[in-house]
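The values are calculated or read from the model by the stated rules, or taken from the named source; none is laboratory data. Not measured: the values here are computed from a predicted model. Note that each Cβ is placed from the backbone with ideal geometry, even for glycine, and that neighbours are counted across all protein chains shown. Note: accessible area is taken over every heavy atom of the protein model, side chains too, but ligands, DNA and RNA are not part of it. Shrake-Rupley method; radii C 1.70, N 1.55, O 1.52, S 1.80 Å.
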Amino acid sequence: MLKSQALSGADGIRHAFFTRDGGVSDGIYASLNCGAGSNDNPHHVLENKRRAAAQLGLAEDRLVTLYQVHSPEVVTVTDPGPIRADRPQADAMVTRSPDVALGILTADCAPVLFADAKNGVIGAAHAGWRGALGGVVEQTVAAMENLGADRATISASVGPCIAQDSYQVGPEFPAPFLEADPGASDLFRPDGDSGKHFFNLKSFVLRKLHQAAIANVDAINADTYASDALFFSYRRTCHRSEDDYGRGLSAIALTEHP
């Protein structure tokens, strides 16, 4: 698993960007697939989530994940039970409840973990291009503020995601980004004379964090598409014409309350 410097060292906060290592799944899901939405053996997924939760010092029933739909919707978690039972359609969570791990599942999209250790509030978001453009970062910060966080003391980290060199997009792709922010042209690198571009998702999410006035920010330097041994990748699966793909877990937990 990988750790963020921005989130490390904060009292009462545990986090991890898990890799594919350390699970029980096999084949295309090998080995730490935590995606209940995949066609992997459900018992393997449950054991993988148990192992991941244990790395955070928690039981598996304290780890919650969502039915992610590339939206800006945020869920406030007080009790993990109802979230685990219903898996609401949303792409971010916040909590001030100790011993609850907020888990985000990705396979090229960017997981974003947030922590305000001073005020005892954490958050986690799934930021693909659609969710990030739609405001999932801003909505997560706002939901944390509703629980008593102060954006001046929030730290955030962008986890492993698809890198610009691996993310070719069509000629129509930049338009909504440039409409929202004319300065966003630096997120796109032309792919020769094809009319296509290479898109920098990580930089886009980092820009959203800085625009939200989150000062203590970092990002994990990893390309999910290029690092087959470490990460699952939806785009790589499509290029290989595989039937399905696993999902990597990123999670954060508040283990103490100030």
message: List the residues, sorted by chain then number, that are 5 or more residues from residue 155 or on another chain and whose placed amide H is less than 5 Å from its amide H.
response: 115, 116, 117
message: Keeping every protein chain present and rolling a 1.4 Å probe, give me the accessible area per residue for the stretch 1-88 in Å².
response: 49 Å²
task: Report the residue, chosen from 97, 155, 38, that carries the largest GNM mean-square fluctuation when the chain is represented by alpha-carbon nodes joined by springs under 10 Å.
output: 38
task: Treat every Asp and Glu Cβ in the stretch 138-226 as -1 and every Lys and Arg Cβ as +1, leave all other atoms uncharged, and give the resulting dipole magnitude about the Cα centre to the nearest 20 debye.
output: 140 debye
field: Lys, Arg +1 and Asp, Glu -1 on Cβ, resulting dipole of the stretch 61-170 about Cα centre, debye, nearest 20
entry: 60 debye
message: Using the basic label-point model (7 angstrom from Cα toward the beta carbon), what is the residue 242 to residue 130 distance in nanometres?
response: 2.2 nm
- prompt: the stretch 145-258: Rg/Rh from Cα coordinates, Kirkwood Rh?
  reply: 1.03
field: Two-decimal log10 I(q)/I(0) for the chain, as the Debye equation yields it once each C-alpha is a single scatterer, q = 0.14 Å⁻¹
entry: -0.89
- line: Listed residues 233, 157, 166; largest mean-square fluctuation, Gaussian network over the chain with Cα springs below 10 Å, found at 166
query: If you look at just the Cα atoms of the stretch 79-135, how large are its Rg and its Dmax in Å?
result: 12.1, 32
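How do 210, 126, 44 stack up against each other in accessible area, from largest to smallest, with a 1.4 angstrom probe?
Output order, biggest surface exposure first: 210, 44, 126.
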- line: Once the dipole of the stretch 1-99 is set up from charges on Cβ (+1 Lys and Arg, -1 Asp and Glu), the residue from the list 18, 75, 90 lying farthest towards its positive end is 18
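Expressed in nm², what is the orientationally averaged projection area of the convex hull enclosing the Cα positions of the stretch 106-164? Walk me through the numbers on the way to the answer.
On the way: hull surface 16.0 nm².
Orientation-averaged projected area of the Cα hull: 4.0 nm².
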field: Derived scalar couplings ³J(HN,Hα) [the stretch 23-35; Karplus, 6.51 cos²θ - 1.76 cosθ + 1.60; whole Hz; x for Gly, Pro]
entry: x, 10, 6, 9, x, 5, 9, 4, 10, 9, 7, 10, x
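What is the ratio of the Cα radius of gyration of the stretch 1-132 to 2.2 N^0.38 Å, with N the residue count, to two decimals? Please list the in-between numbers first.
Numbers: Rg = 14.1 Å, N = 132, 2.2 N^0.38 = 14.1 Å.
Computed over Cα atoms of the stretch 1-132, the ratio equals 1.00.
Determine the gain in length on full extension of the stretch residue 153-residue 213; use 0.36 nm per residue of separation and subtract their C-alpha separation, reporting nm with one decimal.
20.6 nm
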task: Skip the ligands, DNA and RNA, and give the accessible area per residue of the stretch 174-258 with a 1.4 Å probe, whole Å².
output: 50 Å²
Amide H partners (placed H, <5 Å) of residue 219, local residues excluded: 158
statement: For the stretch 144-195, whose charge dipole is built from +1 on Lys and Arg Cβ atoms and -1 on Asp and Glu Cβ atoms, the candidate among 153, 188, 169 with its Cα farthest towards the positive end is 153
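For the chain, what does the helix formula give at 222 nm: sum of -39500 (n - 2.57) over DSSP H segments with n ≥ 4, over the residue count, nearest 500 deg cm²/dmol? Intermediate results must be reported in sequence, preceding the final value.
Values: 7 runs with 63 residues, N = 258.
Rounded to the nearest 500, it is -7000 deg cm²/dmol.
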field: For the stretch 182-230, the spread of Cα positions along each principal axis, largest first, Å
entry: 38, 37, 9
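Leaving out ligands, DNA and RNA, and with a 1.4 Å probe, what % of the accessible surface on the chain is carbon or sulfur?
Numbers: 5070 of 10880 Å².
Exposed carbon and sulfur together represent 47 percent of the surface.
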message: With a 10 Å cut-off between alpha carbons and a GNM built on the chain, which of 53, 149, 222 moves the most?
response: 222
- request: Quote the charge dipole size of the chain about the Cα centre in Debye, to the nearest 20; the model charges only the Cβ of Lys and Arg (+1) and of Asp and Glu (-1).
  value: 280 debye
- prompt: Taking every DSSP beta bridge that has both residues in the chain, what percent is antiparallel when rounded to the nearest 5?
  reply: 75 percent
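How much length would be gained if the chain were fully extended between residue 146 and residue 2, taking 0.36 nm per residue of separation minus their Cα-Cα distance, in nm to one decimal? Write out the running numbers ahead of the final one.
Numbers: separation 144, 0.36 × 144 = 51.84 nm, distance 2.93 nm.
Full extension of this stretch gives 48.9 nm more.
Rounded to a whole number, what is D in µm²/s for the stretch 1-77 from Stokes-Einstein with the Kirkwood radius over alpha-carbon pairs (20 °C, 1.002 mPa s)? Please list the in-between numbers first.
On the way: Rh = 13.9 Å.
Value of D from the Cα-based Kirkwood radius: 155 µm²/s.
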